[in-house]
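Below is one structure, written out as structure tokens, with a few remarks after it.
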Amino acid sequence: MSQIWWSLPLTVLVYFATRRLAVKLRMPLLNPLLMSMVIIIPLLLVTHIPYARYFAGSKILNDLLQPAVVALAFPLYEQLHQIRARWKSIISICFIGSVVAMTTGTAIALWMGATPQIAASVLPKSVTTPIAMAAAQSINGIPAISAVCVIFVGILGAVFGHTILNLLKITNKASRGLAIGNASHALGTARCAEVDYQEGAFSSLALVICGIITSLLAPFLFPILLRLFG
């Protein structure tokens with residue numbers, strides 16, 4: 001299938017235009033990723049252009065995701081002195097957060113009548129996409145559905161995460177970063193890095209630790225949840 005030459009410049013143009021608008025108006029709902037989807041998806045539907053063709057033309061952006069995630073480790077490195085001093089609390093917070101994220105999503109899915117396979121796909125929703133897809137596959141879930149859940153949760157965290165923390169009067173930067181990184185993986189972490197350097201560092205840390213915990217616990221936790229709520 002041939003690619004579309006203008007998909008890359010259009011994607012970049014829409015993203016930076018919506019980002020500039022978000023910075024100017026300071027409205028959480030104007031998240032650049034969300035707004036880019038709102039603009040580009042209807043455009044593809046109206047023009048009857050298959051997503052595969054559009055994606056082929058802007059594939060380089062997808063290839064840059066991995067080094068972009070790795071780049072998040074730099075602020076983490078600069079906060080190592082604080083991490084060493086708080087490592088017990090950080091591990092405990094990430095462990096509890098991961099278990100709660102897996103349990104609540106799976107329990108709600110089963111309670112609403114989802115099949116075990118769909119529930120298994122929902123379970124790893126709060127970790128980054130490659131880990132979520134691998135974790136879902138290990139418990140007979142559908143990786144593609146897991147990827148959609150991850151994107152949805154990430155957008156919610158990036159759009160509403162800081163608003164909720166502000167309403168709860170949580171001002172500690174480490175706490176804010178850990179909370180959003182725990183719940184909203186890379187998309188939330190990117191938003192944290194825009195707001196505050198230290199928040200971004202702790203969110204990156206939560207992103208990594210929660211991914212490891214989820215991948216290790218998912219095969220053992222899912223059968224228990226299925227027995228309790230299925």
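Rule-based calculations on the coordinates, nothing more; no lab input. The structure displayed is predicted, hence computed values, not measured ones. Counting neighbours? That spans all protein chains shown, and the Cβs are built from the backbone with ideal geometry, glycine included.
As a length-normalised measure over Cα pairs under 8 Å and 6 or more apart, the relative contact order of the chain settles at 20 percent.
Given R₀ = 35 Å, FRET efficiency for Ile212-Lys169 by Cβ-Cβ distance, to 0.05? E between Ile212 and Lys169, to the nearest 0.05, is 0.70. Within the chain, the whole DSSP H helices whose Cα atoms reach 24 Å or more along their own axis and whose mean Kyte-Doolittle score is at least 1.6 are 143-167.
Given DSSP loops and a limit of at most 13 other Cβ atoms within 10 Å, what is the longest stretch of the chain that contains no such trypsin sites (Lys or Arg not before Pro)?
After excluding every exposed loop site, the longest remaining stretch is 27-168.
From its DSSP helices (H runs of at least four residues, each -39,500 (n - 2.57)), the chain gives a residue-normalised ellipticity at 222 nm of -27500 deg cm²/dmol.
At full extension, Phe16 and Phe229 could sit 72.3 nm farther apart than now, given 0.36 nm per residue minus the alpha carbon distance.
Dipole of the chain, Cα-centred, from +1 at each Lys and Arg C-beta and -1 at each Asp and Glu C-beta, to the nearest 20 debye?
320 debye
Looking at the chain, how many pairs of lysines come closer than 27 Å at the Cα, when each pair is eight or more places apart or spans two chains? Qualifying lysine pairs in the chain: 8. Sorted fewest first by neighbouring Cβ atoms within 10 angstrom, Met37, Met102, Met133 come out as Met37, Met133, Met102.
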